[in-house]
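The values are calculated or read from the model by the stated rules, or taken from the named source; none is laboratory data. As the structure is a computational prediction, the values presented were derived from the model and not from experiment. Note that we place each Cβ from the backbone using ideal geometry, even for glycine, and neighbour counts take in every protein chain shown. For the accessible areas, the whole protein counts, side chains as well, though only heavy atoms, and no ligand, DNA or RNA atoms are used. Shrake-Rupley method; radii C 1.70, N 1.55, O 1.52, S 1.80 Å.
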Amino acid sequence: MRTDSRLVQMFVAVADTLSFTRGAETLHVAQPWLSSQIRKLEAQLGFDLFIRDSRRVALSEQGKALRGPAHAVMQSLEEFSACASMLRIREDRPLLRIGLPPYSHLFAKRVALLERFAQLQPKIQIEIVLGWSPELVERVATGTLDMAFTVGEVIDPLLDYHLISLAPCHLCCRSDDPLAALKVVHSADLHGRTILSFERGLNPAMHEQLFGAAQRAGAVLQVDHEMMSDLWLQRILGGDVVGLNFIRKPPSQLRERLCMRPFADADDIALRLVRRRSPQQPAVELCWQIALGAGATNNPITAR
């Protein structure tokens, strides 16, 4: 059975908001038409994706199982579109290869920096590569990336680093969790509690920075591959688990059910921009100067 990608997009919009009205607003379509299209998708699949009643919309068990794959489909389509756009770009444009770690889009300063660079230097072609910070640092050092944004204490003494922002660590839990009554959470408060975490090998330094103190205090770590995503928030809502994060905030529709409390035993998480110390191509130097706050030039560069 083949499923129309447009129907998958509609399912994701409703699944993420748990509202046909908000989903329709996101897609800029009429709510009754969106409801009919979801019914069409459910008829094709042979089961309901949502549980509907007069007060709420919830995902069915099948809907919960399909939400992750549906997001993967949308990501693949976005990657396809991005690749197609890159192929349309003229080859004589300067190319800047920048690495981004997962969830770096949650750092407002990182988003603003790339947007400003693109506005000031529209003739530069920007190629984005996603990866975890240790991998990105290695790729910058070996020259397969020109620059990268890194999260956590991933430092190579042979590279140049510029601090972009610092983000404090918070504990995320349900509003009815006893931890919600605390103004500040310490490691000792997490003894015996299960904390959702990413795999240590992906970024050992940041793993230690976030979870090390809590684990030594007796917390139990449970690997969650959806760290800081909407699904991560749903898992905190649905079970006796908590999360430690440094940038993710609950969406407005979940703020009455989830709360964030400062976590005292983890240092602020650093977002940095990194480059090689060797002579730089003009595109790299211009982006670096913008990051340093000295990039007010409006003179676009030309290809060499």
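What to note about this one:
- Trypsin sites (Lys or Arg not before Pro) restricted to the range 144-204 and DSSP loop, no more than 12 other C-beta within 10 Å: LYS183
- Of THR21, THR150, THR194, the one that fluctuates the most in a GNM where the chain has Cα springs shorter than 10 Å: THR21
- The charge dipole of the range 17-56, taken about the Cα centre with unit charges on the Cβ atoms of Lys, Arg (+1) and Asp, Glu (-1), comes to about 80 debye, rounded to the nearest 20.
- Taking GLY218, GLY46, GLY293 as the candidate residues, the one with maximal mean-square fluctuation in a Gaussian network model of the chain, Cα springs under 10 Å, is GLY46.
- In the calculated pair-distance distribution of the range 245-290, the portion above 17 angstrom amounts to 60 percent of the Cα-Cα pairs.
- Counted by Cβ distance under 9 Å from ALA180, the other residues give a net charge of 0, where Lys and Arg count +1 and Asp and Glu count -1.
- Placing a label point 7 Å from the Cα of THR144 along the Cα-to-Cβ direction, no residue of the range 265-282 has its backbone N under 11 Å from that point.
- Accessible-area value, MET227, 1.4 Å probe, nucleic acids and ligands omitted, Å²: 10
- Signed unit charges on C-beta, dipole axis of the chain, positive-most listed residue LEU130, HIS162, SER81: SER81
- Dipole magnitude of the range 187-234, debye to nearest 20 (Cβ charges: Lys/Arg +1, Asp/Glu -1, about Cα centre): 220
- With 5 Å bins from 0: P(r) over the range 95-156, alpha-carbon pairs, percent: 4, 18, 28, 26, 17, 7, 1
- Between PRO282, PRO262, PRO69, the residue with the greatest mean-square fluctuation in the GNM of the chain (Cα pairs under 10 Å linked by springs) is PRO69.
- Net charge dipole size for the chain [Lys, Arg +1 and Asp, Glu -1 on Cβ; Debye, nearest 20]: 660
- Modelled label positions at LYS109 and GLU25, each set 7 Å beyond Cα in the direction of Cβ, lie 3.1 nm from each other.
- Loop-located trypsin sites (Lys or Arg not before Pro) in the range 11-78 whose Cβ has at most 10 other Cβ within 10 Å (DSSP): ARG55, ARG56
- Rounded FRET efficiency, nearest 0.05, which uses the C-beta distance separating GLU79 from LEU292 and R0 of 35 Å: 0.65
- Convex hull volume per residue in cubic angstrom - Cα atoms of the chain: 163
- Residues whose placed amide H lies under 5 Å from that of ALA148, excluding near-sequence neighbours: GLY99, VAL274
- Longest segment of the chain lacking GluC sites (Glu not before Pro) that sit in a DSSP loop with at most 14 other Cβ atoms within 10 Å: 92-198
- Antiparallel content of DSSP bridges confined to the chain, in %, to 5: 60
- Ranking LEU273, GLN44, SER197 by Cα position along the charge dipole of the chain, where only Lys, Arg, Asp and Glu carry charges on their C-beta atoms, puts GLN44 farthest toward the positive end.
- The value for the range 1-56 of Rg(Cα) / (2.2 N^0.38 Å) is 1.05.
- Using the Cβ-Cβ distance between ALA188 and HIS162 with R0 set to 41 Å, the FRET efficiency from 1/(1 + (r/R0)^6) comes to roughly 0.70.
- As a length-normalised measure over Cα pairs under 8 Å and 6 or more apart, the relative contact order of the chain settles at 21 percent.
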